[in-house]
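The values are calculated or read from the model by the stated rules, or taken from the named source; none is laboratory data. All values reported here derive from a predicted model rather than from experimental measurement. Cβ placement follows ideal geometry from the backbone for every residue including glycine, while neighbour counts extend to all protein chains displayed.
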Amino acid sequence: MTTAPPTPEPTTPDPTEATEPTAPATAEEPLDLLGIGIGPFNLSLAALADGIPHLTAAFYDQRPSFQWHPGLLIDGATLQVPFLADLVTLADPASRWSFLSYLKTRERLFPFYFAERFHIHRAEYDAYCRWVAETLTTTHFGQQVDTVRWNPGRALFEVDHTHLDRNGEAEALGRTHARNLVIGIGTSPYVPEPLRPLAEAPTVPVIHSSDYVNQRARLLATEHITVVGSGQSGAEVFLDLLRARPAGRERLTWIARTPAFAPMEYSKLGLEQFTPDYTRYFHGLAEPVRDQLVPQQWQLHKGIDHDTINAIHDELYRRTLDGGWPDATLTPGVTVRTAGRLGGTGIELHLEHEQQGTRSRLQTSAVVLATGYRERSVDQLLAPLHPYLRRDAAGRPRIDADHRLALDPSISGAVHIQHANRHTHGVGAPDLGLVAWRSAVILNALTGKEPYPLPARTSFTTFGLDGTAASNVPTRTAALRRG
Ligand SMILES: Cc1cc2nc3c(=O)[nH]c(=O)nc-3n(C[C@H](O)[C@H](O)[C@H](O)COP(=O)(O)OP(=O)(O)OC[C@H]3O[C@@H](n4cnc5c(N)ncnc54)[C@H](O)[C@@H]3O)c2cc1C
């Protein structure tokens, strides 16, 4: 690893000039590849990069250790994708970093085989990823990357980072040089504007669902709980609270802006929109068409999976067996306009029903905001590179088909983006099912050697009429005739 010894804080950079650290820079050779962030996306890249001889790589994450959405590791919650969407299998099923390999190290292959589970527990996926993160030697935690600049003289990226202790306090500064970068800094929880003041006040339990598990006991101790948001997280939180409350005294409300508590699209042909073929097709569309499509496709990723919907209905139904109704209100189509504190512990939500054109107030004792996540912007991290970045009409970074930022040609290094690319790569961008494929695309582009050959065709649907991707691939009959 090429972490520098502690150096004084680097001065604010001139975007066009490379700076020298005040203490000696790293003595080691520059890396071929530096990864920023170690969520599943960059962890997949680290795992596949591990199989490439002579490629020097390091990956930095600000957290003290690997954790995958710890606040939502609700008992029994599962992945929404099959276990084959692990970090490597869909690019390299023989990789030592597969989920099945992990099970082998834990001597759990036989129990898994008999369990016949395609959708594994979320806690199990987290443990599998942690095993990869802790076994690879290229992953480094407690390293917050602060800024990235280009050194034209050395034709290298200079990456400044802060070593954090386990409490998140800065311990030392470092600088690493790399020929190429891959950024996978993920998302951060989103709290709607009207609820921000409440969420920031520690006295009332108004929490984002990303913190649910830590706050669960505190929530359950309150009189009445409101869950806001009808995505998968909102549904899982509502189900978990429902199961924890006594029948008839549930005291729960679940509201959402969407017109219905809608299921996620799960038909097999519908799921082909999560293939490399669709991703290529989407990338080739005009920017205004892509921008129109993304919100239209909400049901591909924002709905609730069928099992969770069924479990909620089952649980509610079970509570009617003695003739009563559960004390739970489920209302879609509702927006929270504003919110305020009532006395010391109460909360008042001001609600609006769009279809009815009506307004009302709801008094509650705790709120769980299952209001989603927003992609972390690369703008701050890449501030010194701004003059070199090519942007689209909406000011977003342009990202090519190989997930590479479009940069001024004077920069010979590549910056690949593993997140924040829904505007260029479509609905599959945050999906775990495309993780291994995308990592392989990036490594193939970086090395120029195709260490991970990829299939030319991945879906039965042919997207578009221009003959891209699928229709150029020989059919079975043609292939057999030739063979
Ligand atoms: C609860 C939940 C469940 C999900 N389940 C599924 C599912 O079943 N199937 C599916 O397809 N998708 C799922 N997703 C969507 C998606 O796959 C995940 O969000 C996934 O974690 C994205 O991985 P990532 O690597 O992009 O980002 P993250 O997992 O968010 O990781 C990003 C990392 O970057 C680090 N970082 C950020 N900034 C810096 C910096 N400046 N320096 C150093 N490190 C930094 C962060 O500490 C973090 O560790 C789920 C999402 C959530 C929230």
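Scanning the stretch 267-288 for residues that are touching a Phe, Trp or Tyr at 6+ places or on another chain (Cβ under 9 Å), part of a helix (DSSP H, G or I) and not acidic (D, E) yields Q273, P276, Y278, T279, R280, Y281, F282.
Against the test of being in a loop (DSSP other than H, G, I, E, B) and of a type outside the set (D, E), the options L446, L465 yield a single qualifying residue, L465.
Checking the stretch 168-178 against the condition returns no match, with no residue being within 16 Å of the ligand (Cβ to nearest atom) and outside the structural domain of S65 (by TED's automatic domain parsing). If you go through the stretch 403-429 and pick out every residue that is surrounded by 19 or more Cβ atoms within 10 Å (Cβ to Cβ) and within 13 Å of the ligand (Cβ to nearest atom), you end up with 11. Exactly one residue out of T162, T137 is away from the ligand (no atom under 15 Å from the Cβ) and hydroxyl-bearing (S, T, Y): that is T137. If only residues of the stretch 444-459 that are within 27 Å of the chain's Cα centre (by Cα) and over 20 Å from A94 (Cα atoms) are counted, the one that is surrounded by the most Cβ atoms within 10 Å (Cβ to Cβ) is L446.
Going through (1) within 16 Å of the ligand (Cβ to nearest atom); (2) farther than 25 Å from D160 by Cβ one by one, E348 falls short only on (1). Mind listing whichever residues of the stretch 315-324 are modelled with pLDDT of 95 or more and farther than 18 Å from T226 by Cα? Correct list: Y317, R318, R319, T320, L321.
Here R251 fulfils each of the conditions (1) loosely packed, with under 14 Cβ neighbours inside 10 Å; (2) at positive phi apart from (1).
Applying the criterion of at least 1 residues that are more than 14 Å from the ligand (Cβ to nearest atom), of a type in the set (S, T, N, Q) and within 21 Å of A436 (Cα to Cα) to the helices (runs of 4 or more DSSP H) found wholly in the stretch 38-120 leaves 99-105. Scanning the stretch 86-102 for residues that are touching an Asp or Glu at 6+ places or on another chain (Cβ under 9 Å) and aliphatic (A, V, I, L, M) yields a count of 1.
One line per residue, one yes/no per condition, for (1) at positive phi; (2) in contact with a strand residue (DSSP E or B) (Cβ under 8 Å, 6 or more places away or on another chain); (3) at pLDDT 95 or above; (4) in a strand (DSSP E or B):
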{"position": "L330", "(1), (2), (3), (4)": "no, yes, yes, yes"}
{"position": "G340", "(1), (2), (3), (4)": "no, yes, no, yes"}
{"position": "G344", "(1), (2), (3), (4)": "no, no, no, no"}
{"position": "I347", "(1), (2), (3), (4)": "no, yes, no, yes"}
{"position": "Q356", "(1), (2), (3), (4)": "no, no, yes, no"}
{"position": "D379", "(1), (2), (3), (4)": "no, no, no, no"}
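Filtered by the rule that a residue be in a helix (DSSP H, G or I) and hydroxyl-bearing (S, T, Y), the stretch 381-413 gives a lone residue, Y388.
Annotation for the stretch 29-37: at least one member residue is out of contact with any helix residue (DSSP H, G or I) (no Cβ under 9 Å at 6 or more places or on another chain), at pLDDT 50 or above, more than 10 Å from the ligand (Cβ to nearest atom) and not in a loop (DSSP other than H, G, I, E, B). With respect to the conditions (1) small (G, A, S); (2) under 18 Å from G344 (Cβ atoms); (3) touching a His at 6+ places or on another chain (Cβ under 9 Å), S210 lacks only one, and its number is (2). The listed residues are R398, R341, R337, and the only one of them that is under 24 Å from the mean Cα position of the chain (by Cα) and among the charged types (D, E, K, R) turns out to be R398. Against the numbered list (1) surrounded by 17 or more Cβ atoms within 10 Å (Cβ to Cβ); (2) farther than 27 Å from V182 by Cα; (3) in contact with a strand residue (DSSP E or B) (Cβ under 6 Å, 6 or more places away or on another chain), I74 comes up short only at (3). Are any residues in the stretch 242-279 in contact (Cβ under 8 Å) with a residue 40 or more places away in the chain and within 16 Å of the ligand (Cβ to nearest atom), and if so, which ones? P263, M264, Y266, E272, Q273, F274, T275, P276, Y278, T279, listed by residue number.
Of the residues making up the stretch 188-212, those that are more than 16 Å from the ligand (Cβ to nearest atom) and assigned to a helix (DSSP H, G or I) are E193, P194, L195, R196, P197, L198, A199, E200.
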